[in-house]
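Nothing in this text is a laboratory measurement; each read-out follows from the coordinates by a stated rule. Predicted model only: the values in this text are computed from it and were never measured. Note: ideal-geometry Cβ built from the backbone for every residue, glycine included; neighbour counts use all protein chains shown.
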Amino acid sequence: MEKLLNIKNLQVTVADNEAEDASKEILKGIDLQVNKGEIHVVLGPNGSGKSTLMNAIMGHPKYEIAGGSLEFEGEDLTELKTFERARKGIFLSFQTPEEIPGITVENMIRTAKQAVTGENIKVVKFRRELKAAMKELQMDESYAQRYMNVGFSGGEKKRNEILQMLMLQPKLALLDETDSGLDVDAIQIVSNGVKKFHNEDNACLIITHNTRILKQLNVDKVHVLMQGKIVAEGGPELIEKIDKEGFGFLQGAE
Amino acid sequence: MNKEIFSEIPMRTWNWLGVNEATVDKDLLVESQKLDIDIEADHHEKMVVEYRKESYGIVNISIGENASLKLTQLQLMPEERNHANEVNIVLEKKARLQLVAVETGAKSFASKVNIILKGDKSQADVSVLYFGDGDRSLDMNYVLDFQGRKTVGNLEVYGGLMGESQKIFRGTLDFKQGSKQAKGYEKENVVVLSKGVRNRSVPIMLSGEDDVVGNHAVSSGKINEDKLHYLMSRGLSPAEARKLVLEAAFNPVLELIEDEVLRQEIDSYIKERLENE
Amino acid sequence: MAQEKTYIEDIERTLYDIKNVDKSKYKSQSGLTEDIIRDISARKNDPEWMLEFRLKSLEVYNQLSLPNWGPDLSELNMDEIVTYVQPDAKMTGSWDEVPEDIKDTFDRLGIPEAEQTSLAGVGAQYDSEVVYHSIQEDLVKQGVIYTDMETALHEHEEIVRDHFMKLVPPKDHKFAALHGAVWSGGSFVYVPEGVHVEIPLQSYFRLNAAGAGQFEHTLIIVEKNASLHFIEGCSAPKYNVTNLHAGCVELFVNDGARLRYSTIENWSRNMMNLNTKRAVVGKDGVIEWVSGSFGSHVSMLYPCSVLKGENAKCEFTGVTFASKGQNLDTGASVIHCAPHTSANISTRTISKAGGKATYRSAVKVTKNAPYAKCSVNCESLMLDDISRSDTLPTMDIEGDEADIGHEATIGRISDEAIFYLMSRGISEDEARSMIVRGFVEPIAKELPLEYAVEMNNLVNIELEGTMG
C-alpha cells in the first residue's frame, strides 16, 4: 500500500498567550501513518490535541513543530507553507470555517482550483461541475454567488467545506469535526459527500465527537488521542466501545 | 458671559456641528475640589465620588501594576446649578479599572474623562448613564487612550433625553502605534422621548496601529413601540410603560452601583423626572 | 563618481503618468488677483453677471481663512498656482479634430473606446477647457442636454444663472470661493421630465500642465421622474510641484427623479484635491453616490446630500485607499430636511505604507424631518503599523422620531482568514489581495463592469510590492 501521510514522534507547541516568551506543548510525540484508500478516525476528549494535529499538518503559523517528522508522499512537509501543502494535495475541512466578505463561493473555489491544479480553469465546465456538486450536497445554487460563509448557518458552512473538497479532489482530506452542529439530515448529506469523495487513490483523516457519521463509512483505523498522546489504536470496534463507555476505560492507559 | 474651552475632541471636524469643543463659564472653574489617588501595585480598591454641590471637580488617579479600582462617580447636582468635572486615570501593567459614571444632575454640565491604558494588558470598563430633561444641557467627552500591548477598553453608554434637553456625547478610542493586540469597543444607545430634544453623538476611532480590533456603534431612536404596546396591553398607562422601558434601558449601569441606597436614589430621581414630563 | 541609486519613488502608474509637452495656447499668471480673474473672464467671454460673480467670490476668498480642521494644507501656495491653462484646441464633437497629443492621452485612458461600447455621451476636459463633447442623437431628440459649462452658460444662460453655485455658495468655504472666482470647464447636463437616460454619460478631467489648478464645474439637473447615471473620471501625471483641483459639483434631483453619480478619482500624488460636491433631492427622489478615491497627495472630499423633499433617499458607497505620502480625508454628509427621508452610507477605507485615511461624516436631522432614517457603516482596513486610519463621524439629531444607527470597525486582515485561503492552495500574496478585493467588493459591484475592472486594477497596483 502506498504511504500518503507519515507522522513520527511529532511534537507540537503553541505560543502561550498568557505568559510571554513561553510556549505550551500540545502534542507530545505522535505516530500516525495513513495510506491511500484508507479512512482514519481520531477520537478524543476536548482539548486532547485533535485540532492541533490537523492544524499542524496543514501548517498553521500559530503551531510550531518542536520535534519529530511530518511527511506526505515521502516528502518533508515541515518547511512548506500552508498553500504549498494544499497544492501537494492536502485539504482541511475547518471546524469553524472563516467568513470572507466580498469573495463569492464560486470565485473562491475556482481560484483555489486554479492554484491547486496549476491549470486555467474553463468557466463553463467549472460551473457545470460546481452545480452538480452543490446538488449532491443539497445546496441551493444561489449560494455560488454568495460571499464565502457570510451569513451562512453552521450547517451551510460545513456543507460549503465539503463542496470545496469535492471540487478540489485532494489526496488527503482532513475533516475537523465537520459533523458538529449538524442535524440528522445534514449529517447524512455530509457523510454521503465524504463517501462520494473517498476512493482507493485518496484518504481521509476524520476528527469527530459524533460517531453516527462513521456508520456510513468503512473506517480502517481508529486512534484515540488524550493529553497530546495516542493512547489506544484499533479497528472500527473501538468506536463502538467508546460510544458505549466513553473514554473512561482508557484513563489507565497512560 | 466669560467662556473658556473646557474640553476638546482629539481631532477636529466641521465647525457648524458645534462638537469640536465644550466651553463653560470661567467662574465655574475657579474653585475646584481636587482628589489625587494612587492605587499601589497589587491593591484593590472601591471608591465613590459624589457631586452634590461642588461646581468643579478634578479626580486624578493612577492604578499600579496588577491593582484594580472600581470608581463610581455620581453627578447629582441640583437642577439650577452648573457643573464641570474631569477624571484622569493612568493604568499600569495589568491594572484594571471599572468606572461607573452617572451624569444626571445640574442645569448645564460638562465632563471629561481621560483614561490612559499605559501598561500592557491593562483594562478599563466604563459604563455611563446620562439623563436629560427640561432645558438641561449635557456635554461629555470620554477618551480611551490605548498605549500598551493587549490593552482592553470598553465604553458603554446609555442615555435618555426628554423635554428640550441638549446633549453632546463624544467618545474616542485612540489606538496608539505600539498598542498591539489591543481591543476597543464603544457603544452608545440613546432613547429620545420628546420632540424638543437635540442629540449629538461623536464616536471617534483613531488608529496608528494595525494589529488592533476596534468597534463602535451608536443607535438613537425613540422608545420601542412594540415594547410599549406589550406593557400597555398588560394594563400599564403610557407613562408607566415608558418609565419601565427606560428603567430597563438604564439597568446595565444601575445594577453596577453597589450601594443600595444610592441606586434607589438615582432610580427614583429619574422616575420623578419622568413623571414631570 | 558615486553610483546613483534608483529609488522607486512612486508606484507604477504608467498609464496615468504619461505627460504631454505643455503646448497650451494661453496660461494665466500664477497667483490670484482681480486682474487675473478679469482676464480669464474676458477670454471666456463671460456675461457681465458672471464676471461680477467671479469678483465677488474673490472677495469672499480673501476674507475666509483655511479650515481649522482636516489635513494640513500649508503646502498649498496659491501664489504659485496657475489657475487657467487654455489648451491649444477648440471644443469639438469629433475626435479627429482633437489635437493628436491630447487625443492620444484620452485614447490611453480608454475614453473614445468606452464611448463606442458603453456610454451615451462623453465630455473630455484637458487642463482648463473641455476639448470634446458628444451625446447620442436620440437623447438630443428627447431634449437631453449634455455639453460643456461654457457652452451652457451662453446657450442656456437662464438655467445656469438660476442654479450656478446656489447649492454650494462661494461663502461655503475658502475653496468654494476660489472655485467661484476661477472656475473653468466642466459639464452641464439637463434631463427633461420623465426622460430616462439608460446608458451612462461620462466626463473625464485630465490635468496635464504642471503647477496648475483645475476648477471645473459640473451642473446636473434631473427633472421630475427622470433618471441619469453620470460618471466622472479624473487623473493627472505626476509632477514635483503642487497641482490643485478645486472642482464643484451641483446636482439637482427633482421630485421622483433618480441620479447616480459615480467617480473614480486617480489624481497623481502631487495633487491637492479639495473638491466640493452637493446634491439636493426632491420628494421621492434618489441620489446615489459611488465614490472611489485612490489618487492625490491630499484629498478633502465629502459629497453632501440635502434631502429636501418628503421620502427623498440617499445611498452613498465609497472606498478610499491611502498609500505612501497620501492623506485622504473623505466621507459624506447627509442633511435630512423632510419627513421620511432616508440615507444609507457605506464606506471602506484602506491605508498602507504610511498613508493616512480618514473617514469623516455628518448626519444632520432637522426638526422638520420626523421619521428620518439613516444608517452608516464604515469599515477600515490597515495593512501595516506605520499607516493611520481615523474615523470621525458626527450625528446631530433633533426630534424624537428619527432612527439613526452608526457602526464602524477598524482592524487588519485576519491571520485566520489568510490561513483558510492558503489551506485551499492560494498563495499568501494572492490570499491577501483577494481579501482586500473582497473588502472593496461592495463598492466594485456598484460600478459598471469596466469601471469595476479599473478599480480592481487600481487596488492591485496599490497592493503590488507590499505583499510578501
Treat every Asp and Glu Cβ in the protein assembly as shown as -1 and every Lys and Arg Cβ as +1, leave all other atoms uncharged, and give the resulting dipole magnitude about the Cα centre to the nearest 20 debye. 1060 debye
What nm distance separates the two modelled labels at A:Glu99 and A:Asn210, each placed 7 Å from Cα along Cα→Cβ? 2.2 nm
For the range C:65-217, just say rounded, prolate or oblate: build the C-alpha gyration tensor, square-root its eigenvalues into a ≥ b ≥ c, call rounded for a/c under 1.5, and beyond that prolate if a/b exceeds b/c, oblate if not. oblate
Counting only residues 5 or more apart in sequence or on a different chain, those whose built amide H sits under 5 Å from that of C:Tyr26 are C:Gln86
I want to make sure I understand the PRE zone here: with the label point 7 angstrom from the Cα of A:Glu129 toward its beta carbon, which residues in the range A:166-191 have backbone N atoms less than 13 Å away? A:166-170
Which net charge results when you count Lys and Arg as +1 and Asp and Glu as -1 among the other residues whose beta-carbon is under 10 Å from that of C:Ser262? -2
For the range B:17-33, 3J(HN,Hα) per residue [Karplus equation, 6.51 cos²θ - 1.76 cosθ + 1.60, θ = phi - 60°, Hz, x = Gly/Pro]: 6, x, 10, 5, 8, 10, 10, 9, 4, 4, 4, 4, 8, 5, 9, 10, 9
Report the net charge of residues surrounding C:Leu201, where surrounding means a beta-carbon distance below 13 angstrom and charges are Lys +1, Arg +1, Asp -1, Glu -1. -3
Around A:Thr78, which amide H atoms from residues at least 5 apart in sequence, or from another chain, sit under 5 Å from its own amide H, with H modelled in the peptide plane? A:Leu70
Report, please, the projected area of the range A:3-253 averaged over directions, based on the convex hull of its C-alpha atoms, in nm². 14.1 nm²
Rounded to the nearest 500 deg cm²/dmol, what is the calculated helix-only ellipticity per residue at 222 nm for chain C, with -39500 (n - 2.57) per DSSP H run of length n ≥ 4? -7000 deg cm²/dmol
Positive end of the dipole of the protein assembly as shown, charges at C-beta (+1 Lys, Arg; -1 Asp, Glu), about the Cα centre: which of A:Gly118, C:Leu259, A:Leu205 has its Cα farthest in that direction? A:Leu205
Want the number for B:Arg12 to B:Ser194: 0.36 nm per residue separation, take away the alpha-carbon distance, what's left? 62.6 nm
Cα-centre dipole for the range B:3-223 with unit charges at Cβ (Lys and Arg positive, Asp and Glu negative), debye to 20: 540 debye
DSSP-defined antiparallel bridges as percent of all bridges, the protein assembly as shown, nearest 5: 20 percent
Go through the range C:332-348 residue by residue and turn each phi into a ³J(HN,Hα) via Karplus (6.51, -1.76, 1.60, θ = phi - 60°); whole Hz please, and just put x for glycine and proline. 7, 9, 9, 10, 8, 10, 9, x, 6, 6, 9, 8, 10, 10, 9, 9, 10
How big is the shadow of the Cα convex hull of the range C:14-301, averaged over all directions, in nm²? 13.8 nm²
Provide a whole-number value for the mean count of partner chain Cβ atoms within 10 Å of the Cβ atoms in peptide A:60-72. 1
Non-local amide H neighbours of C:Tyr239 (under 5 Å, H modeled in plane, Pro and chain starts lacking H): which ones? C:Asn270
Cα→Cβ-extended label distance, 7 Å offset, between A:Ser153 and A:Lys3, nm: 4.5 nm
Antiparallel DSSP beta bridges within the range C:14-301, as percent of all bridges there, nearest 5: 20 percent
Helical mean residue ellipticity (222 nm; -39500 (n - 2.57) per DSSP H run of 4+; nearest 500) of chain A: -10000 deg cm²/dmol
B:Ala239 versus B:Asn2, label points 7 Å from Cα toward the beta carbon: distance in nm? 4.4 nm
Beta bridges per DSSP with both ends in the range A:3-253, % antiparallel, nearest 5: 60 percent
Rounded to the nearest 0.05, what FRET efficiency is calculated for A:Lys24 and A:Asp220 with R0 set to 35 Å and r the Cβ-Cβ distance? 0.65
Take A:Ala15, project a point 7 Å from its Cα along the Cβ direction, then tell me which residues of the range C:420-457 have their backbone nitrogen under 17 Å from it. C:420
Can you work out the FRET efficiency for the pair C:Lys23 and C:Thr151, with r the C-beta to C-beta distance and R0 = 22 Å, to the nearest 0.05? 0.45
Spelling out what I want: for every residue of the range C:43-59, take phi, set θ = phi - 60°, compute 6.51 cos²θ - 1.76 cosθ + 1.60 (Karplus), and round to whole Hz; glycine and proline get x. 4, 8, 6, 4, x, 4, 4, 6, 4, 4, 4, 5, 5, 4, 4, 4, 4
